[in-house]
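The values are calculated or read from the model by the stated rules, or taken from the named source; none is laboratory data. Computed from a prediction, not measured in an experiment: that's the story for all the values here. Every residue, glycine as well, gets a Cβ built from its backbone with ideal geometry; the counts of neighbours run over all protein chains shown. Heavy atoms of the whole protein, side chains included, go into the accessibility calculation; ligands, DNA and RNA do not. Shrake-Rupley method; radii C 1.70, N 1.55, O 1.52, S 1.80 Å.
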Amino acid sequence: MRDGYEKLRARLVEEQLLPRGIHDPAVLAAMAAVPRHLFVEEALRPQAYGDFPLPIGEGQTISQPYIVALMTQLLELNKEDRVLEIGTGCGYQAAVLAAICRQVYTVERIKPLLARARRTFDRLQLFNILSKADDGTEGWAERAPFDKIIVTAGGPSIPSPLVEQLADPGVLVIPVGDRDLQALTVLRKQEGEITSHIEERVRFVKLVGAHGWKAE
Ligand code: SAH
């Protein structure tokens with residue numbers, strides 16, 4: 001996209017992603033293309049490509065670019081994949097997924113955030129994103145199974161509906177842990193077997209819902 005921010009995005013790829021091991025060409029291309037500045041409020045646009053998270057309203061944050069790229073790479077996306085995202089937030093992660101794969105389903109519990117994300121999807125003509133306001137810890141049963149599932153908020157455990165709604169083969173990426181620190185966990189379903197491993201320590205906002213933290 002020619003929007004005056006191409007150089008900042010190219011620098012983001014060179015300085016924040018390649019040196020830290022992001023190598024999937026589709027992920028690098030998506031990070032170089034998706035206009036992150038359009039997902040944050042106007043005053044924050046000059047900082048949109050910085051190496052840090054940013055506030056998106058309602059006490060929530062958009063992850064640092066590297067974490068978005070890392071989680072996307074861990075999903076091992078294919079063009080034909082149908083992906084479920086829990087925690088739409090400002091919609092940036094969904095847009096990165098939508099640049100790579102066939103169909104993105106995204107669920108957000110805070111309605112004003114979802115409304116804003118939807119306007120940005122429309123503006124960018126991202127027609128392969130379907131969204132709804134709901135408790136994403138229940139998944140999206142009507143649209144299951146999903147080839148890949150990404151949760152962009154941290155929960156105390158992996159919500160069982162998400163494991164059930166994951167296709168076989170399938171990959172689920174979720175931060176799991178306590179309120180302050182989580183382990184970025186990769187769960188894989190293959191030939192009926194489930195395995196998981198931890199990638200790195202991360203800090204996400206809380207996953208609030210029936211299979212997450214209780215609302216305060
Ligand atoms: N992927 C987002 C990150 C947003 S932060 C982005 O690119 O901006 C995480 C989001 O998860 C917050 O907006 C929060 O409201 C949402 N969230 C927390 N618990 C949720 C739940 N049970 N269902 C859906 N969304 C949830």
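Relative to the longest principal axis of the Cα atoms of the chain, the long axis of helix 111-123 lies at roughly 50 degrees.
Over the chain, what is the mean sequence separation of C-alpha contacts under 8 Å (at least six apart), divided by residue count, expressed as relative contact order in percent? Before the final figure, lay out the partial values.
Working: 443 pairs, mean separation 31.5, N = 216.
Relative contact order of the chain: 15 percent.
Across all Cα pairs in the stretch 148-197, the calculated P(r) in 5 Å bins from zero up to the longest distance comes to 5, 22, 34, 22, 11, 4, 1 percent per bin. In the chain, the portion of solvent-accessible area held by carbon and sulfur atoms comes to 50 percent [1.4 Å probe, whole percent, DNA, RNA and ligands not counted]. Take the chain with all the other protein chains still there, run a 1.4 Å probe, and you get 47 Å² of accessible area per residue. Here the stretch 56-102 yields Rg over Rh of 0.98, to two decimals, using C-alpha coordinates and the Kirkwood radius.
Set the Förster distance to 41 Å, then compute FRET efficiency between A141 and E42 from the Cβ-Cβ distance, nearest 0.05. Spell out each step's value before the answer.
Numbers: r = 38 Å, r/R0 = 0.92.
Working from the Cβ atoms, E equals 0.60.
A straight Cα-to-Cα reach below 25 Å connects K214 with the lysines K111, K132, K206, residues fewer than 8 places away in its own chain not being considered. The antiparallel fraction among DSSP beta bridges confined to the stretch 5-202 stands at about 50%. When the residues D168, D147 are ordered by accessible surface, computed with a 1.4 Å probe over the protein chains alone, the sequence from largest down reads D168, D147. Sites listed here are trypsin sites (Lys or Arg not before Pro) in the stretch 21-103 whose DSSP assignment is loop and whose Cβ has at most 13 other Cβ atoms within 10 Å: K79.
Annotation: H23 carries an accessible surface of approximately 130 Å², with a 1.4 Å probe and no ligand, DNA or RNA atoms counted.
For the stretch 5-202, what is the charge dipole size about the Cα centre, in debye to the nearest 20, if Lys and Arg each add +1 at the Cβ and Asp and Glu each add -1 at the Cβ? Walk me through the intermediate numbers first.
Values: 22 positive and 27 negative charges, 136 e Å.
My answer is approximately 660 debye.
When you filter the GluC sites (Glu not before Pro) in the stretch 156-212 for DSSP loop state and at most 16 other Cβ atoms inside 10 Å of their Cβ, you are left with E191.
Average projection, convex hull of the Cα set of the stretch 60-192: 7.5 square nanometres.
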